[in-house]
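The values are calculated or read from the model by the stated rules, or taken from the named source; none is laboratory data. All figures in this text were calculated on a predicted structure; none of them were measured in a lab. We place every Cβ from the backbone using ideal geometry, glycine too, and count neighbours over all the protein chains shown. To get the accessible areas, we keep the full protein, side chains included, count just its heavy atoms, and leave off ligands, DNA and RNA. Shrake-Rupley method; radii C 1.70, N 1.55, O 1.52, S 1.80 Å.
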Amino acid sequence: MAADLGDLTAFMVVARAGGFRQGARASGSSPSSLSEAVRRLEVRLGVRLLNRTTRSVAPTEAGARLLERLGPALGEVEAALDVVNRFRDRPVGTLRLNVPVSAARLVLPAIVPPFLSAYPDIHLEVIAEDSLIDVLAAGCDAGIRYDERLEQDMIAVPIGPRQQRFATAASPAYLDRHGRPDHPRELLNHACLRGRFTNGSLTTWEFERGGEIVRVDPSGPLIVRVGAATDLAVDAALAGTGIIHLFEDWLRPHLDSGALEPVLEPWWQAFSGPFLYYPGRRQLPAPLRVFVDFINTRRSLR
């Protein structure tokens, strides 16, 4: 009754992702190949492992029991195979990172090219999205998150700038027409370009000066999905549609060129920079281990 390791892996990917398409995205396979692998496994074991509907895929009781034991077992297999990497001159393998769009745009560009140059046999796959997911269930080795989104059972390593700010800005033409606010609450009388998270909530505009924190919930003509459509909001601000509130580094080129003018700059709120986070297990896969070492070395040189 011995099962093929690839079929077992396919089952685990699909069960954790909650579907064949989701599993295919996480693993880089095709939905049809995953479906066939799970079918073979069910035939070999003589029991149904997944309940399939047109909308979802969920483990049966037998599948849930198998999944519970399979995760640690396959993790040990991967760790055992990865030991071979220690005997190579250069580590090989694939490193999968799940990161927010802001990190892909503002943090990784300074890190990825020199890392891949130093480790040419490592393949890096970056999945950029702003929804909160279980990085391991999604088939990723590590992720990048901010303080408030870190999972407590993970190891966190600082990556990128240790302090960032949210900046508020608008085009000079917009401000000439509508005036320049002196206090955050005056934004309630302006056209503001908002962002919405994947869970449906709108971004909060928060300001701070001299220990005073002011939160406002302005309205405006445009709401975009955070991350995926943020550049549309930036383009709208450049065109004079309204006021934008975003990472300072994202807006910095336009602030430096004068295309956007700072608004309420004394109130811009600073916050802690992002972290690389990963499971706290003893043996890290070689690609992740050298990536962590690379990040720590860059930090020590600053």
Pairs, first assigned to a strand (DSSP E or B) in segment 161-178, second open to solvent by 90 Å² or more (accessible area, probe 1.4 Å), C-beta under 9 Å, six or more apart: Ala170/His178; Ala170/Arg180
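Listed here are the residues, each with its yes/no results for (1) of a type in the set (Lys, Arg); (2) crowded, with 21+ Cβ neighbours inside 10 Å.
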| position | (1), (2) |
| --- | --- |
| Ile159 | no, yes |
| Thr168 | no, yes |
| Gly179 | no, no |
| Arg196 | yes, no |
| Gly211 | no, no |
| Asp235 | no, no |
| Ala239 | no, no |
Filtered residue count, segment 112-141, keeping only those that are in a strand (DSSP E or B) and either modelled with pLDDT under 70 or over 16 Å from Arg25 (Cα atoms) (or both): 2
Total residues in segment 219-259, condition without any contact (Cβ under 8 Å) to a residue 60 or more places away in the chain, assigned to a loop (DSSP other than H, G, I, E, B) and of a type outside the set (Gly, Ala, Ser): 1
Close pairs from segment 58-70: first within 14 Å of Leu8 (Cβ to Cβ) and of a type in the set (Gly, Ala, Ser), partner buried (at least 17 other Cβ atoms within 10 Å of the Cβ) and modelled with pLDDT under 85, Cβ under 7 Å, at least 6 apart: Gly63/Ala15
Residues located in segment 11-40, provided they are out of contact with any Phe, Trp or Tyr (no Cβ under 7 Å at 6 or more places or on another chain), closer than 17 Å to Glu68 by Cβ and open to solvent by less than 10 Å² (accessible area, probe 1.4 Å): Phe11
Qualifying residue in segment 184-198 (condition: in a loop (DSSP other than H, G, I, E, B), modelled with pLDDT of 95 or more and in contact with a helix residue (DSSP H, G or I) (Cβ under 8 Å, 6 or more places away or on another chain)): yes
Those residues of segment 241-277 which are in contact with a strand residue (DSSP E or B) (Cβ under 7 Å, 6 or more places away or on another chain), open to solvent by 30 Å² or more (accessible area, probe 1.4 Å) and among the small types (Gly, Ala, Ser), in sequence order: Ala270, Ser272
Residue in segment 53-78 that is nearest to Pro287 (Cα to Cα), counting only those that are modelled with pLDDT under 85, open to solvent by 90 Å² or more (accessible area, probe 1.4 Å) and part of a helix (DSSP H, G or I): Glu78
The lone exception for Pro91 - which of (1) at pLDDT 85 or above; (2) buried (at least 17 other Cβ atoms within 10 Å of the Cβ) it fails: (1)
Complete set of residues in segment 182-194 that are open to solvent by less than 90 Å² (accessible area, probe 1.4 Å), in contact (Cβ under 8 Å) with a residue 12 or more places away in the chain and more than 13 Å from Ile244 (Cα to Cα): His183
Complete set of residues in segment 41-52 that are open to solvent by 30 Å² or more (accessible area, probe 1.4 Å) and either polar (S, T, N, Q) or assigned to a loop (DSSP other than H, G, I, E, B) (or both): Gly46, Val47, Arg48, Asn51
